[in-house]
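Scroll down for the structure; my scribbles are underneath it.
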Amino acid sequence: MNNNLISSVAENAGYVAVFLLLILAMFAIAKLAEVFVAKKTGEENTGLTTRKLVIIGLFSAISGVLMLFEIPVFFAPSFYKIDLSDLPAVIGAFAFGPMTGVLIEFIKILINLILNGTTTAFVGELANFIVGCSYVLPASIIYLFKKTRKNAMISCAVGTLVIAIVGSALNAFYLLPAFAALYGMPIEALIGMGTAVNPAIDNIFTFVLFAVAPLNLLKGAVITVVTVAVYKKLSPVIKNATLVSVRKQEA
C-alpha cells in the first residue's frame, strides 16, 4: 500500500469505520440467525470444534485461491469481475451454519490481502465480503430449517435475489461513493467508465441497473447451479456434519 492510499484512508476515516461496522454486522446477523434457527428447529450448534476449524481453514484457503481467478464481464466496467470464491462458504454454511460461512468469507479476504494487497482502497474487498455474505446468510439460514435438495435449491434462489438487491443498493448508496472519496475522484468518473461500456449508463441508477444488478444476478446464478450440481455428492458430508441435533422432547 502506498503513502497516498494510507493518507486517503486516514482522511476518510468515516468510510473506513463504516467498513468495520458492516463486517461486524455480518457476524452479528450470522450469530443471531444461528440462535434463532436453533430455537425453532431444536438443533444445537456445537461451537468451534476441531473438525469445524479444520473445515473453515481448508475452505477459506480454497476460497482465497478461487478469488484469484476473476472473470470480466462485457456489460460492466473492468473493475467488476465474477469469481467462485463464495462457493466454499456456501457449502461450509450449509454444513455448519451461517457463522461458518461468514468466517470463510472473512478469512478468504484476509488471505487475498496478504497475497495481493489492495488496489481498491479496500472497497473491492469489502464489497466482495458483504455481497458474498448477502448470498451465504439467507441461503444457509433457509436451508437449516429443512436440509433437503429441494430446500437447497429454494435457499440458493433466494440467495441469488438477495445478492442482487443488496449488491445494487450497497453500490449505489455506499460503495461507489466510498470508492470515489477514498481515491479523491468525482463519482462522475466512475459513471463514465460505465458509459464507455454501455451508453445507456449515464447516472448511478442506470449504472446499478445495467451493470451491478446483472453482475450479481449472474454471480448468484452460477453459484446456485454449481451448489445444486454438487449437492448430491456433498449431502452425506453436510448431513453428518457436527451440527448435533438435539430434538426437543415432546411432553
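FYI, it's all coordinate maths here, none of it is from the lab. Bear in mind that the values here come from a model prediction, so they are computed numbers and not experimental data. Reconstructed Cβ throughout: ideal geometry from the backbone, glycine too, with neighbour counts over all protein chains shown.
Quick look at the values:
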quantity: For residue 108, net neighbour charge (Lys/Arg +1, Asp/Glu -1) across residues whose Cβ lies under 12 Å away; calculated: -4
quantity: Average projected area [Cα convex hull, the range 35-139], square nanometres; calculated: 7.2
quantity: Estimated FRET transfer efficiency (residue 229, residue 202; beta-carbon r; R0 30 Å; 0.05); calculated: 0.20
quantity: Cross-link partners of residue 108 among lysines (Cα-Cα below 22 Å; sequence separation of 8 or more within a chain); calculated: 31, 52, 81, 219
quantity: Under the Debye formula (equal points on every Cα, no solvent term), log10 I(q)/I(0) of the range 3-241 at q = 0.11 Å⁻¹; calculated: -0.57
